[in-house]
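None of the figures in this text is laboratory data; all of them are computed from the coordinates on show. The model shown is predicted, which means the values in this text are computed figures rather than measured ones. Quick reminder, even Gly has a Cβ in these numbers, built from the backbone with ideal geometry, and neighbours come from all protein chains shown.
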Amino acid sequence: MVGPCTSGQTRYPRYFSRAAGPYLWDLEGKRYVDLNLGYGPVVLGHADGRVTEAVLCELRNGNCIAPLWSRRQSELTDLLVSVVPGAEMAYLLKTGSDATSTAVRLSRIFTGRSKVIRWGYNGWHDWAAGIPAGVPEATRSDTLLFDYSDLGTLRDAFARHPGQVACVLMMPFGDETAPEGHLQKIRDIAHEHGALFVLDEMRSGFRLGLSGAQGLLGVQADVSTFSKAMANGHPISAVVGRADVLSALARTRISSTFYADPAPMAAALTTIRVLRDTDALERIRKAGSAFQDGLSALVDRHRVPARVVGYPPMPFLQFTHPDPVIRERMSTAFAAGAAQRGVLLHPSHQWFLSAAHTSEDVEFALDGCDRALAALEPVLATRPA
């Protein structure tokens, strides 16, 4: 058996043998309630039978058909256009980085400009790389950052580069909820300067609601990008938006042998239809609300310097101790303590609920959190060396 991973911030078994519904099993057969859910893609539950059967049906007919396409392509793009606010066209790819990078290129073609202003995690490709190693300075100079909570930094970025910004590309929020009207203000600033507003809905899409953050928060992007929950964990992504912008696909080449694979398209079609036609999203929200409420009560009872943040389908516990070293130790120890009690919670990435999580699973998770919080007293007693 491979022991627990102790590198970085993770303190739980790194290898698992199988996944089903809301659970994972490690190599020794121990079962965990999973609130990582593959960083969010698993929205219906691991190995959902409806999705798996749709994928197997496609695989039985062959899956590597490039340069041809299957009918699943048009079915899925039509479905995406029907549920994403203001969408007129869609293009299918494989990964989130594929989709955001495509959105950037289309924005540059459409506007004739080169610079991008961004916020959040938008992928690993050169233009969005958070670590500069291996990325040419010339590439890095075309990507500007702004502070989500300070729109003055966004205005300053436009002022420093007048007429050069192709788009503002961002996640709709981080761990916390978005302030009312905040995204609309950012969209208005981008349009004021002739730039496109691109929303990276990798985490929020098909999880906050059928129309993602755009539907929930009442904002409409020029272009938006999706992956993760749109196919319950199968590898597919999409760029969706205005026809005049996406028509720029005809002026470039963005393709891959595996973009034509119909199996993940079938997974996405099935997942989105289940989310559209059943109460799955409402059950996710209900389970997330119960978890948030219960966790908030535990934090108060244990008098831990922390607060529960985020939307119910994707909550998180922020430790608020004034010392950053102790905050990190608390986060790490809490995740490790929960894992010891059969609950998987990432120490530094927001968590997720699925439609497979029952009220009993939520209670089990809260019991694990209760014990993990109780065990934090020695961490609070420590001081940085």
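What the table shows:
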{"read-out": "Per-residue [θ]222 nm for the chain (sum of -39500 (n - 2.57) over DSSP H runs n ≥ 4, rounded to 500)", "value": "-12500 deg cm²/dmol"}
{"read-out": "Cβ-based charge dipole, region 66-214, positive-most Cα from G96, V168, A138", "value": "A138"}
{"read-out": "In sequence order, calculated HN-Hα J values of region 156-166 (Karplus, 6.51, -1.76, 1.60; Hz; x Gly/Pro)", "value": "4, 4, 5, 5, 6, 9, x, x, 10, 8, 7"}
{"read-out": "Coordinate range along principal axes, alpha carbons of the chain, Å, largest first", "value": "59, 54, 38"}
{"read-out": "Gap separating the Cα centres of region 260-333 and region 75-96, nearest whole Å", "value": "26 Å"}
{"read-out": "Additional length obtainable on full extension of the chain from E137 to Q318, 0.36 nm per residue less Cα span", "value": "61.7 nm"}
{"read-out": "Ranked list, fewest to most other Cβ atoms within 10 Å of each Cβ, for T270, T52", "value": "T52, T270"}
{"read-out": "Cβ-based exposure ranking for T278, T271, in which fewest neighbours within 10 Å come first", "value": "T278, T271"}
{"read-out": "Residue-by-residue Karplus 3J(HN,Hα) for region 23-31, coefficients 6.51, -1.76, 1.60, Hz, glycine and proline x", "value": "10, 10, 10, 7, 5, 9, x, 6, 9"}
{"read-out": "³J(HN,Hα), Karplus 6.51/-1.76/1.60, whole Hz, each residue of region 279-286, x for Gly, Pro", "value": "8, 4, 5, 5, 5, 4, 5, 5"}
{"read-out": "Residues E137, E282, sorted so that the one with the fewest Cβ neighbours within 10 Å comes first", "value": "E137, E282"}
{"read-out": "Between 0 and 90°, nearest 10: helix 71-83 axis offset from the chain longest Cα axis", "value": "80 degrees"}
{"read-out": "Dipole magnitude of the chain, debye to nearest 20 (Cβ charges: Lys/Arg +1, Asp/Glu -1, about Cα centre)", "value": "560 debye"}
{"read-out": "Given charges at beta-carbon only (K, R positive; D, E negative), |dipole| of region 26-114 in Debye", "value": "340 debye"}
{"read-out": "Under 5 Å, built H, 5+ apart or other chain: amide partners of A355", "value": "L44, G45"}
{"read-out": "Candidates D222, D244, D277, ranked by Gaussian network fluctuation over the chain, Cα under 10 Å, top entry", "value": "D277"}
{"read-out": "For region 49-277, alpha-carbon Rg over 2.2 N^0.38 Å", "value": "1.01"}
{"read-out": "Built amide H within the under 5 Å cut-off of T143, gap 5+", "value": "V116"}
{"read-out": "Charge dipole magnitude, Cβ of K and R +1, D and E -1 - region 49-277, Cα centre, debye nearest 20", "value": "480 debye"}
